[in-house]
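Data block below; observations after.
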There are 2 protein chains.
Amino acid sequence: MDGSGRSAPKGRVPATIYDVARATGVSPSTVSRALNKPGRLSAATEQRIREAAAELGYRMNPMARALPTGKTGTLGLLVSDLTNPVYFDLVRGAERIARENGATLIFADSQESSELERDNAERLQVAVDGLLLVASRLDDAQIQELASVKPLVAVNRLVSGVSGVVPDVSPGMTEAINLLHRHGHRRIAYLAGPEASWMNGMRRLSVFDLAEDKGMTIVEIQSPAPTRDGGTESYPLVKAANVTAVLAYNDLVALGLLRACRAHGVDVPGDLSVVGFDDIFGADLPTPALTTVRSPMSDMGMRAVRMLLAVIEGEAESTQLILPTEFVNRESTAAPRR
Amino acid sequence: MDGSGRSAPKGRVPATIYDVARATGVSPSTVSRALNKPGRLSAATEQRIREAAAELGYRMNPMARALPTGKTGTLGLLVSDLTNPVYFDLVRGAERIARENGATLIFADSQESSELERDNAERLQVAVDGLLLVASRLDDAQIQELASVKPLVAVNRLVSGVSGVVPDVSPGMTEAINLLHRHGHRRIAYLAGPEASWMNGMRRLSVFDLAEDKGMTIVEIQSPAPTRDGGTESYPLVKAANVTAVLAYNDLVALGLLRACRAHGVDVPGDLSVVGFDDIFGADLPTPALTTVRSPMSDMGMRAVRMLLAVIEGEAESTQLILPTEFVNRESTAAPRR
DNA sequence: CTGAAAGCGCTTACAG
DNA sequence: CTGAAAGCGCTTACAG
């Protein structure tokens, strides 16, 4: 039989360890060991087996391995909204570390729906060695429940007893508020994200704490959605609130608000200062470029995967990692004109 | 230690069909049938089995099922660069259709490297029922080879004998060139993408054909990378080419060029018209907002998954789907000033 | 309508 | 260092 020539249209039969065992004159167990526990058998046979395997185009069947070992070599990544550019860097960082460790990433989008998120989590959980929950919309108990059946690490969410990595809102936000205060802003708004979002809670809390410390007045406005459209639709409320600066839940919302301001002839930052959160792709694109607070998303993705791998190995019981945010001062903030 | 339940820290033993068989007093085969071939056994037993399964929190083990059936219920999605926002909508569309059909998406990023892409493809191929290759950097023979072992559909790439879905560059590009011509542009540039990119070839060809038809002079400039930085770095060459308009390989490059123009005090569109490609997230953000040609990425992602599912079912042998692009006229194009 | 049995491809004690 | 055997959780002809 020749190697590449005359295969049936679909479904050349893949070689198994039995095929390479036969080709080498050893037992399947020996083939398995040669391929997976290098050094446990004579260098000569190992070499012969490897060559035969290569010759036959043998690929290990991960499903078959998963059965006896219970390890799939696969990690599940669940995000609340894949459409949000904020997750790109995270996904990328996660993917990189997963690959470096020979793990495969499976991912799913739960579209801001906690029901869908739970479904996805349960469905994925049987197929993976561990789960990464990003910006989960589940409640603490549900997350703890999930974490009790398989290794799990939460990203952008802190849950007692569950490993997690989150940004520390404080450093970036402190600088943002300080800057606004220095510019003379005294009455500001927080344009809030989804109530089910833990990060929204953190950002909200941080803004309120910091602003009150400075003696600033702060009003809260609920954005109808954590999206650009949500930000745009919030414009009337922002306008009505009669503030000189707004801190948005995230860049998407801030960007949407910027668009609305432009449409209504409101000068940013002259009439209104706007601060975003995340520093997503595109935040620097508009004029004025968006001032924002950056979370180390790529780093968080990498750390989260490493942590997950560690708890899979049974190394870590439950660790919480807090990574600092950073203020990115661009063009959408200045002293109020009047 | 902590209070949430009595389970061992990690690894509550999951229930198997044997457990529910025992609980119901039937055989495992019957359980299997009850759960997977509804209607093939008495409604009463089926009901009892379902209840017992729910009671025990039974979840099918996809690995175990994959062994005898050879079907994993999983699709692999390979993109050349996950960081490019252009893939967001595609991924989203694909994810949606996959979920609707009970399939799980596994995805991997090959970072513009054809070696990494081949590695990923081979590694994934054994674990999935089919592969989606997006903007593949492999050559035709390699893709055909991959397609010969398992169902595969290519996106943004047409390969003879291999199913694929691609945008038809023509409608959008024709309008773009027509507009430029009407504006009086006579000497334009194509700012090219990666040579290994099939889409780059298509766009390039289309631009050249269309422009020559109109009697326009067209020069080609190679962008060092298909990224914003690549576009920015191309600025000197664009400047030197002494053209009044440039069509970029994609929006990322166009956006980068826009930034460079701004930095150098070149007025867009007064001094230079810029047209992008893709209409990625953020293309409308800068001032001037980027004029571009939109590919129906979300639709392509959905169609591609449907096609893949169809070839997995053995329905389609090899189909090529061509979806029209659309011109998006924004602010970065106008009549040249001088 | 339902059960007993074989088998999917691999791993891993257990013996030599 | 290597092999024979059992088993992972499921499916599916094959018989009743």
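Tabulated results
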{"quantity": "Conditions (1) open to solvent by less than 10 Å² (accessible area, probe 1.4 Å); (2) not in a strand (DSSP E or B): number failed by B:Ser163", "calculated": "(2)"}
{"quantity": "Hits in the stretch A:87-103 - residues which are crowded, with 24+ Cβ neighbours inside 10 Å, at pLDDT below 90 and either within 16 Å of DNA strand C (Cβ to nearest atom) or more than 9 Å from every other protein chain (Cβ to nearest Cβ) (or both)", "calculated": "A:Tyr87"}
{"quantity": "Residue tally, condition within 8 Å of DNA strand D (Cβ to nearest atom) and open to solvent by less than 80 Å² (accessible area, probe 1.4 Å), over the stretch B:31-50", "calculated": "4"}
{"quantity": "Checking A:Lys37 against (1) basic (Lys, Arg); (2) within 39 Å of the chain's Cα centre (by Cα); (3) under 25 Å from B:Gly70 (Cβ atoms), the condition it does not meet", "calculated": "(3)"}
{"quantity": "Options B:Val20, B:Val126: the member that is closer than 30 Å to A:Ala94 by Cβ, within 14 Å of DNA strand C (Cβ to nearest atom) and free of Cβ contacts under 8 Å to residues at least 40 places away in the same chain", "calculated": "B:Val126"}
{"quantity": "Output for the stretch A:51-63, where each listed residue is open to solvent by 40 Å² or more (accessible area, probe 1.4 Å) and either within 12 Å of DNA strand D (Cβ to nearest atom) or of a type in the set (A, V, I, L, M, F, W, C) (or both)", "calculated": "A:Ala54, A:Leu56, A:Met60, A:Asn61"}
{"quantity": "Residues satisfying the stated conditions in the stretch B:322-336, i.e. hydrophobic (A, V, I, L, M, F, W, C), under 10 Å from B:Ala176 (Cβ atoms) and open to solvent by 20 Å² or more (accessible area, probe 1.4 Å)", "calculated": "B:Phe327"}
{"quantity": "Residue count, the stretch B:286-315 (criterion: over 27 Å from B:Thr174 (Cβ atoms) and within 21 Å of the chain's Cα centre (by Cα))", "calculated": "7"}
{"quantity": "Filtered residues of the stretch A:1-21 (kept if crowded, with 16+ Cβ neighbours inside 10 Å and either at pLDDT 85 or above or away from chain B (no Cβ under 14 Å) (or both))", "calculated": "A:Ala15, A:Thr16, A:Ile17, A:Asp19, A:Val20, A:Ala21"}
{"quantity": "Qualifying residue in the stretch A:69-82 (condition: within 11 Å of another protein chain (Cβ to nearest Cβ), at pLDDT below 85, closer than 30 Å to B:Tyr87 by Cα and open to solvent by less than 40 Å² (accessible area, probe 1.4 Å))", "calculated": "yes"}
{"quantity": "Of all residues making up the stretch B:103-112, the number that are outside any strand (DSSP E or B) and in contact with a helix residue (DSSP H, G or I) (Cβ under 9 Å, 6 or more places away or on another chain)", "calculated": "3"}
{"quantity": "Residue within the stretch A:320-329 that is under 21 Å from the mean Cα position of the chain (by Cα), within 14 Å of chain B (Cβ to nearest Cβ) and not basic (Lys, Arg) present", "calculated": "yes"}
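Here is a yes/no grid of residues against (1) assigned to a loop (DSSP other than H, G, I, E, B); (2) surrounded by fewer than 20 Cβ atoms within 10 Å (Cβ to Cβ):
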| residue | (1), (2) |
| --- | --- |
| A:Pro224 | yes, yes |
| A:Lys239 | no, yes |
| A:Val243 | yes, no |
| A:Cys261 | no, no |
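The values are calculated or read from the model by the stated rules, or taken from the named source; none is laboratory data. Since the structure is predicted, the reported quantities are computational estimates derived from the model, not experimental observations. When we count neighbours, we look across all protein chains shown, and the Cβ atoms used for this are built from the backbone with ideal geometry, even at glycine. Surface areas here come from the heavy atoms of the whole protein model, side chains and all, with no ligands, DNA or RNA. Shrake-Rupley method; radii C 1.70, N 1.55, O 1.52, S 1.80 Å.
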